[in-house]
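Undergrad: What follows is a single structure, and I will ask about it in a moment.
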Amino acid sequence: MNKSPASELKLEPVPAWLRRPIGKASELSTVQRIIKQRQIHTICEEGRCPNRGECYAQKTASFLLMGPTCTRSCAFCQVDKGHAPMPLDPDEPRKVAEAVQLLGLRYVVLTSVARDDLPDQGASWFVKTMEAIREDNPEIQIEVLTADFWGGTSKETGQRDRIATVVQAKPACYNHNIETVRRLQGSVRRGAKYDRSLHVLQIVKELNASIPTKSGLMLGHGESEAEIVETMADLRAVGCDRITIGQYMRPSLAHLPVQKYWTPEEFEHLGAIARDIGFAHVRSGPLVRSSYHAGEG
């Protein structure tokens, strides 16, 4: 009997450096209760982030706007996809603002699923949520982590206008993840493009050079060090100020397998290269995620 490629795949055990407690049960349960009561979502929970306990303790959390269902189908991501997303909840901005206040957060990250079904791809929803949060706490720092806002009939013009909508709300940082190196974009980020993501970060700087920009890489898909360095150089070429570099961890057998577990020493080495290239804020480590220590920028 012929074996399928999947059955022949050798699954590497998860190395010890990727195993860690997720935090105090009391801190996790408090956040989870407030989130569930309001029927809103965080990427911390939806993505099962290994750092969520640490971030909650530091009064930082990342809210997932516009429902839990994405219109893209990236092969690495654990967020729900493959069926129609829910209609927008008109009370979501208020609910997120309430949660922020109840949790006493000092730094908030707003991200979202991709909503290619919406006329403005959800750009105005980011602004509505930012305004609702600031009504209660005008001094709070709000970072945004957006999709590429690519869609509709006038794609390039529309993309710039949507990014401008968010930039005009003056986030503390504008994050858009490139995720992987150029060669692997097609297999890892279905529906996204390498140059399109670079263009997002470039547009932000063209619109308001004072807003810090940020991007993230998730290693373990078969990239080489040379390709990683090339990607970092491409990000710096469009003025990207901050970078996060972390290890991809396979959420399920339905997702892409891990090709390599990069060691903590290798992450330290890559972080040093990133600083040498000129990134002002670098987080590089196996468990680093997009919003890890976001408030320290």
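Undergrad: Return the residues of the range 187-217 that are outside any helix (DSSP H, G or I) and either in contact with a Lys or Arg (Cβ under 6 Å, 6 or more places away or on another chain) or modelled with pLDDT of 95 or more (or both); say none if nothing qualifies.
TA: Gly191, Asn208, Ala209, Ser210, Ile211, Pro212, Thr213, Lys214, Ser215, Gly216, Leu217, listed by residue number.
Undergrad: Another question about this same structure. Quick one: which residue in Thr129, Thr157 is outside any loop (DSSP other than H, G, I, E, B), surrounded by fewer than 24 Cβ atoms within 10 Å (Cβ to Cβ) and of a type in the set (Val, Ile, Thr)?
TA: On the way: Thr129 fails: surrounded by fewer than 24 Cβ atoms within 10 Å (Cβ to Cβ).
Being outside any loop (DSSP other than H, G, I, E, B), surrounded by fewer than 24 Cβ atoms within 10 Å (Cβ to Cβ) and of a type in the set (Val, Ile, Thr) holds for just one of Thr129, Thr157, which is Thr157.
Undergrad: Hey, another quick one. Filtering the range 273-297 down to residues that are under 20 Å from the mean Cα position of the chain (by Cα), in a loop (DSSP other than H, G, I, E, B) and at pLDDT 85 or above, which residue is surrounded by the fewest Cβ atoms within 10 Å (Cβ to Cβ)?
TA: The residue in question is Ala280.
Undergrad: Which residue out of Glu135, Glu139 is surrounded by fewer than 17 Cβ atoms within 10 Å (Cβ to Cβ), assigned to a helix (DSSP H, G or I) and of a type in the set (Asp, Glu)? Reasoning before the result, please.
TA: On the way: Glu139 fails: assigned to a helix (DSSP H, G or I).
Step by step, each of Glu135, Glu139 is checked, and only Glu135 is surrounded by fewer than 17 Cβ atoms within 10 Å (Cβ to Cβ), assigned to a helix (DSSP H, G or I) and of a type in the set (Asp, Glu).
Undergrad: Right, here's the next one. With within 26 Å of Ala169 (Cβ to Cβ) and of a type in the set (Asp, Glu) as the only criterion, which of Glu266, Glu206 stands out?
TA: Unique residue meeting the criteria: Glu206.
Undergrad: Right, something else. What tally of residues in the range 203-222 results from selecting those that are surrounded by 16 or more Cβ atoms within 10 Å (Cβ to Cβ) and out of contact with any Leu (no Cβ under 6 Å at 6 or more places or on another chain)?
TA: Number of matching residues: 12.
Undergrad: Out of (1) surrounded by fewer than 17 Cβ atoms within 10 Å (Cβ to Cβ); (2) on the phi < 0 side of the Ramachandran plot, the odd one out for Tyr174 is which?
TA: Of everything listed in (1) surrounded by fewer than 17 Cβ atoms within 10 Å (Cβ to Cβ); (2) on the phi < 0 side of the Ramachandran plot, Tyr174 misses just condition (1).
Undergrad: Quick one: which of Leu235, Leu184, Leu256, Leu270 is of a type outside the set (D, E, K, R), in contact with a Gly (Cβ under 7 Å, 6 or more places away or on another chain) and not in a strand (DSSP E or B)?
TA: Only one candidate qualifies: Leu184.
Undergrad: Same structure again: So, Pro93, is that one surrounded by fewer than 21 Cβ atoms within 10 Å (Cβ to Cβ), modelled with pLDDT of 85 or more, closer than 18 Å to Ser124 by Cα and not aromatic (Phe, Trp, Tyr) or not?
TA: Considered against the rule, which asks whether it is surrounded by fewer than 21 Cβ atoms within 10 Å (Cβ to Cβ), modelled with pLDDT of 85 or more, closer than 18 Å to Ser124 by Cα and not aromatic (Phe, Trp, Tyr), Pro93 comes out as no.
The values are calculated or read from the model by the stated rules, or taken from the named source; none is laboratory data. As the structure is a computational prediction, the values presented were derived from the model and not from experiment. Note that each Cβ is placed from the backbone with ideal geometry, even for glycine, and that neighbours are counted across all protein chains shown.
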